[in-house]
Amino acid sequence: MKNYRATVDKRVIEAWDAKVAAFERKYGRPRRVLVAALVVGVCWLLYAPSAFALVAMFALVCVLIALQGHSQLSLLCPNCNRPPGGYLARGSGADEEVCVHCYYWLREPPWSRPKQDA
Ligand SMILES: [Zn+2]
């Protein structure tokens, strides 16, 4: 993350947590099933290579990439209602920490997290 001068607002952080949790409830299990199917499919491909398996794995990867894009475009910043990573961000939208449009923290900033006793 770049060194932004961002605003900390508990309401925005709590709203973001609720949005990410709702998204995870809706798409978490299908994503895990797709990743498991991909692992099984890659093993199948290594054991018995076939054109069908290759096409099926390619389709699975496309669906997983589409799901990541969907998370980027549907998880919007609670403060400004825009995708927090920008429209061309990579990775999952749930991983964003700061909104690049309004500079509000979406997660507890690292310095405000309680230190864990070792
Ligand atoms: Zn924002």
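Restricting to Cα atoms and excluding each atom paired with itself, what does the Kirkwood estimate give for the chain in Å? Could the numbers behind the result be given before it?
Values: mean 1/r = 0.0614 Å⁻¹.
Computed over Cα pairs of the chain, the Kirkwood hydrodynamic radius comes out at 16.3 Å.
So, with +1 on the Cβ of K and R and -1 on the Cβ of D and E, and no other charges, what is the size of the charge dipole of the chain about its Cα centre, to the nearest 20 debye?
Working: 15 positive and 9 negative charges, 23 e Å.
Result for the chain is approximately 120 debye, rounded to the nearest 20.
Taking amide H positions as placed 1.01 Å from N in the peptide plane, with prolines and chain starts having none, which residues 5 or more places from residue 7, or on another chain, fall under 5 Å of its amide H?
Sorted by chain and number, the residues that satisfy this are 104, 105.
If the rule is a partner Cβ under 4.7 Å, which cysteines in the chain fail it?
Cysteines lacking a close Cβ partner in the chain: 43, 62.
What do you get for trypsin sites (Lys or Arg not before Pro) in the range 1-51 restricted to DSSP loop and a cutoff of at most 16 other Cβ within 10 Å of the site's Cβ?
Working: sites: 2, 5, 10, 11, 19, 25, 26, 31, 32; in loops: 2, 5.
For trypsin sites (Lys or Arg not before Pro) across the range 1-51 that sit outside H, G, I, E and B with at most 16 neighbouring Cβ atoms in 10 Å, the list reads 2, 5.
Could you work out how far helix 51-74 tilts from the main Cα principal axis of the chain, as a 0 to 90 degree angle to the nearest 10?
Around 10 degrees separate the two axes.
May I ask for the angle, rounded to the nearest 10°, between helix 10-47 and the longest principal axis of the chain, with both axes built from Cα atoms and the value confined to 0 to 90°?
In the chain, helix 10-47 runs at an angle near 20 degrees to the longest axis.
Once phi is turned into θ = phi - 60°, what whole-Hz ³J(HN,Hα) does the Karplus curve with 6.51, -1.76 and 1.60 give for every residue of the range 90-97, x standing for Gly and Pro?
For the range 90-97, the Karplus curve yields 9, x, 8, x, 5, 8, 5, 10 Hz.
Rule-based calculations on the coordinates, nothing more; no lab input. These numbers were taken from a predicted model, which means no experiment stands behind them. Cβ: placed from backbone, ideal geometry, glycine included. Neighbour counts: every protein chain shown.
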